[in-house]
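Q: Please read through the structure below; I'll follow up with questions.
Just so it is clear, none of the values below were taken in a lab; they were calculated from the coordinates. Quick caveat: nothing in here was measured; it's all calculated off a predicted structure. Cβ placement follows ideal geometry from the backbone for every residue including glycine, while neighbour counts extend to all protein chains displayed.
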Amino acid sequence: MFYLLLEMKILEENAGALTNFEVLDFLRAKGASKDPSRVLAKVAMSEYKVYDYLVKTPAGSQTRESVKEYFTAIKQHDLSEAEVLNVLNIRPASEVEIYHIIEDCEERFPDEEVTEIVEKVGNTLPAPPDKATPEEITKGDEETETQKHDEISQDQTEDGEQMDTS
Amino acid sequence: MFYLSKIEHKFALPPHLLARPIREAIQSELERLFLDKVIQKLGLCISVYDITSIEGGSIFPGAGAPTYQVVFNLIMFRPFPGEIISAKVMSLDADGVRLSLGFFEDIYIPTHHMPYPSYYISKNNTRKWTWEYGEETDEFNIEISNEVIRFQVLSVSYPTIPVEQAKESKPFAPMVVNGSLYHEGLGPVSWWQ
């Protein structure tokens, strides 16, 4: 017989917002991948479900540099934190898609600024995984792209881990 | 949709994990306790992000396992009102549409938040919601398929656990997201391209 001392205290309800890309990056660093042999990774089934969802969203083709570039470029516009995050996670490709992510868009931003924002999104963030043009993606190419991308994120994560231990 | 939440938890570490290095054992137990579970007001726990500190390890009299006090960060899925999320249709009926993210399936769009005007049609074996836009009929449909649907989060609620449930009622959902498809830009992505 043993006592189950269960006491949970919430220290910080919100210790920081995470972009879809950061969560995907975290799961990848844990070992999640599109590889069908998933038994070996230390990733739980429920975590894999999140990975499978995120990998198909625009976050699936984002990289750390592109996200950093996006944040720098978007700073010049007066968007709330929630809107910056929404735009990053959805990666709108046209004005119509943006109108609705940004509250009172027509009143706060002149048309040219909206177009500018859409352009900046298009320039800094890669196209979502399923929107890549057919000529670019053949079966073989898709795998090398994902591998290259995985390698890049792993290299970056290794740097990240080194920083944490020091 | 994801936030980090810092939690402090005191718990006993089951003896069968004691052969492992302490961090690994604690991570394993935290994952068993929190992963895929809903914490009221914080959302659905996706992952243990990191462990900030581990204290304790003393064994209380009569207990067979050491008790640890651990401070750690969890990645929580907690959509905010106004957020726009892509999902897939899981089921539909006259009361609205139910959407799923794969890892979370309790997203409901009630009738009054469907695009206006739209109608629920259940005919032969097909069920769908049709949006009447302009002269077109039957061009804008929402059906169970692999298509990506964008919805806007209206609210997130955490219903209290019912003491008793009727046998045929839906399994209890500890976290429910209410959404809307009302505005321009929402609904199947194909409608807006």
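Q: Using only Cα atoms, tell me the angle between helix B:22-34 and the longest principal axis of chain B; keep it within 0 to 90° and round to the nearest 10.
A: 40 degrees
Q: In nm, what is the difference between 0.36 nm times the number of residues separating B:Phe60 and B:Ile161 and their Cα-Cα distance?
A: Details: separation 101, 0.36 × 101 = 36.36 nm, distance 3.21 nm.
Length difference between fully extended and current span is 33.2 nm.
Q: Roughly how many nanometres apart are two label points built 7 Å out from the Cα toward the Cβ at B:Thr111 and B:Ile22?
A: With each label point 7 Å from Cα toward Cβ, the separation is 6.0 nm.
Q: Another question, then. Using +1 at the C-beta of Lys and Arg and -1 at the C-beta of Asp and Glu, which of B:Phe140, B:Leu74, B:Val176 has the Cα lying farthest in the positive direction of the dipole of segment B:49-193?
A: Value: B:Leu74.
Q: Another question about this same structure. Please arrange B:Ile142, A:Ile74 by counting, for each residue, the other beta carbons lying within 10 Å of its beta carbon, fewest first. Working shown, then result.
A: Numbers: B:Ile142 25, A:Ile74 17.
Ascending Cβ contact count within 10 Å gives the list A:Ile74, B:Ile142.
Q: If you take each beta carbon of peptide A:15-28 and count the beta carbons of other chains within 10 angstrom, what is the mean? Walk me through the numbers on the way to the answer.
A: Values: counts 10, 7, 6, 9, 2, 3, 0, 4, 8, 1, 0, 6, 3, 0.
Mean number of neighbouring Cβ atoms from other chains: 4.
Q: To continue, here is another question. Going Cα to Cα from A:Lys34, which lysines come in below 17 Å? Please leave out same-chain ones fewer than 8 positions away.
A: A:Lys42, A:Lys49, A:Lys56, A:Lys139, A:Lys148
Q: Please go through the residue pairs B:Lys128/B:Lys170; A:Lys68/A:Lys120; A:Lys9/B:Lys41; A:Lys30/B:Lys88; B:Lys37/B:Lys170 and name each one whose alpha carbons sit more than 24 Å apart in this structure.
A: On the way: B:Lys128/B:Lys170 21 Å; A:Lys68/A:Lys120 12 Å; A:Lys9/B:Lys41 13 Å; A:Lys30/B:Lys88 26 Å; B:Lys37/B:Lys170 18 Å.
A:Lys30/B:Lys88, as the Cα separations exceed 24 Å there.
Q: State to the nearest 20 debye the size of the charge dipole of segment A:54-126 about its Cα centre, where the only charges are +1 on K and R beta carbons and -1 on D and E beta carbons.
A: Numbers: 7 positive and 16 negative charges, 138 e Å.
In total the dipole reaches around 660 debye.
Q: Counting DSSP beta bridges with both partners in chain B, what percentage is antiparallel, nearest 5?
A: Antiparallel: roughly 95 percent of the beta bridges in chain B.
Q: Based on the Cβ-Cβ distance of A:Glu113 and B:Tyr119, what FRET efficiency does E = 1/(1 + (r/R0)^6) give at R0 = 35 Å, to the nearest 0.05? Spell out each step's value before the answer.
A: Numbers: r = 38 Å, r/R0 = 1.09.
It comes to 0.35.
Q: Between rounded, prolate and oblate, where does segment B:86-154 land on the alpha carbon gyration tensor, with a ≥ b ≥ c its root eigenvalues, rounded for a/c under 1.5, else prolate if a/b exceeds b/c?
A: Numbers: a/c = 1.73, a/b = 1.44, b/c = 1.20.
The shape class here is prolate.
Q: To the nearest 500 deg cm²/dmol, what mean residue ellipticity at 222 nm is calculated for chain B from DSSP H runs of n ≥ 4 alone, each contributing -39,500 (n - 2.57), summed and divided by the residues?
A: Taking each H run of at least 4 residues, the total per residue is -2000 deg cm²/dmol.
Q: Restrict the search to segment B:1-89; then list the trypsin sites (Lys or Arg not before Pro) that DSSP places in a loop and that have at most 15 other Cβ atoms within 10 Å of their Cβ. Spell out each step's value before the answer.
A: On the way: sites: B:Lys6, B:Lys10, B:Arg23, B:Arg32, B:Lys37, B:Lys41, B:Lys88; in loops: B:Lys37, B:Lys41.
Within segment B:1-89, the qualifying trypsin sites (Lys or Arg not before Pro) (loop, at most 15 other Cβ atoms within 10 Å) are B:Lys37, B:Lys41.
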